[in-house]
Amino acid sequence: MERLPLANEDKTMSTNLKYLSLGILVFQTTSLVLTMRYSRTLKEEGPRYLSSTAVVVAELLKIMACILLVYKDSKCSLRALNRVLHDEILNKPMETLKLAIPSGIYTLQNNLLYVALSNLDAATYQVTYQLKILTTALFSVSMLSKKLGVYQWLSLVILMTGVAFVQWPSDSQLDSKELSAGSQFVGLMAVLTACFSSGFAGVYFEKILKETKQSVWIRNIQLGFFGSIFGLMGVYIYDGELVSKNGFFQGYNQLTWIVVVLQALGGLVIAAVIKYADNILKGFATSLSIILSTLISYFWLQDFVPTSVFFLGAILVITATFLYGYDPKPAGNPTKA
């Protein structure tokens, strides 16, 4: 008789965790895009912070956060934590090396997002970046032999149509300077490349997770380790001269640190959503994030004037996001127990 209240308690806790993780995802996605865009367009005296160093710092913060989570799972024992890290990372070098490929791609992607938001308004970026649903689906079909249903294929067609509408130039854009058009093109290319890298790295990472029994946190530590190495290589190659002149943390302020922390949280929040939420609710979170980004970009950042074509495209993208996660349940299956 006592089991019912316990079952109800577990169900309530699971529901609470589901909506909490989604709420955090909406907050993290929206605030990262807006603060990143604001930090890249804010005019201040002195040198601007280097996006390459911000990527490295975010990776290091992600490693620290994951180590703390593994420490918690190890019943807050330093000895147990040391044993887990030694057994799962150092004693399995080939397993660890597998993460070098997605890690390098994620590092490239994170740098591209800074380029994209330096050249595109937050609303256009948010909607266009949803093309990662298309690239993830295509890589899932080719790499994981997944089968997509009719609703999913339909959603991908709607998604491409929606993004095409969002990118459709308005009259004001056609009359703008060539420099602006060039910046728009650079931003668009950065987003599209990020979509392809996100799709491939995400599916590759999923394939690795399915093939081994290591925890998501251990895998994220491995990703962060390689990400830091690749990131530091990027700093040295592209910004080495600036770092030697003005320092690694040049241009850093409170806003920069907020951007870095939000970027570090990204992977952990997505891991929580995968664990606790379903695709429909994840689609809802994405849609809400797009709407919030559009409103704040228009009213607060004032770098975006929506057109009727943009609204049509955004509605199509939001519809596609929901439709892709839709999983119609069979009406009845007498063969199933």
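Bear in mind these aren't lab numbers, they're just calculated from the coordinates by the rules spelled out. Keep in mind it's a predicted model, so treat the numbers as computed, not measured. Reconstructed Cβ throughout: ideal geometry from the backbone, glycine too, with neighbour counts over all protein chains shown.
Distance between the C-alpha centres of the range 238-268 and the range 51-120: 17 Å, rounded to the whole angstrom.
The value obtained for the range 29-141, namely the Cα convex hull volume divided by the number of residues, is 156 Å³ per residue. In the structure shown, the pairs LYS146/LYS213; LYS43/LYS72; LYS72/LYS146; LYS98/LYS245 are assessed against 30 Å; a Cα-Cα span above that value is assigned to LYS43/LYS72; LYS72/LYS146; LYS98/LYS245.
Here the range 121-168 is described by how far its Cα atoms reach on the three principal axes: 36, 18, 12 Å, from widest to narrowest. Take the Cβ atoms of LEU138 and CYS76, set R0 to 51 Å, and the FRET efficiency comes out at 0.75.
Could you check how many percent of all C-alpha pairs in the range 21-325 are farther apart than 31 Å? The share of Cα pairs beyond 31 Å in the range 21-325 comes to 31 percent.
By how many nm would the segment from LYS207 to ASP303 grow when fully extended, if each residue of separation counts as 0.36 nm and the alpha-carbon distance is taken off? Working it through step by step, the gained length comes to 30.6 nm.
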